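Take a look at the structure set out below.
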């Protein structure tokens, strides 16, 4: 079970949820034109900052998390709930919303 300390705020995701910090891609220029922030696509890659204990099965047993803090993950374009803490964007989502873990980065 990981807990993220973001300045003065502590966040501990519950159940099978994770806290993800989206990774921004480098600025993209096409033909010398800078794409404005409003036209850019949402990032679909991020780093897990904190993870809950896991999901409780119907029989009451705890199913442990597969993800842990520090994992680089890919998630769906509209996955999770966006939150903002100290001018930093984060997502809280279920572990099931993660499509895969990036290895070797």
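We did not get these values from a lab; they are worked out from the coordinates using the rules stated. Small disclaimer: the values here were computed from a predicted structure and weren't measured. Neighbour counts are summed over all protein chains in view; Cβ atoms, including those assigned to glycine, are modelled from backbone coordinates with ideal geometry.
What is the extension gain from residue 89 to residue 74, computed as 0.36 nm multiplied by their sequence separation minus the C-alpha to C-alpha distance, in nm to one decimal? Kindly include the intermediate steps, with their values, before the conclusion.
Details: separation 15, 0.36 × 15 = 5.40 nm, distance 1.63 nm.
The residue 89-residue 74 span can extend by a further 3.8 nm.
For a label point 7 angstrom out from the Cα of residue 11 toward its Cβ, which stretches of segment 70-105 have the backbone nitrogen within less than 13 Å?
80-94
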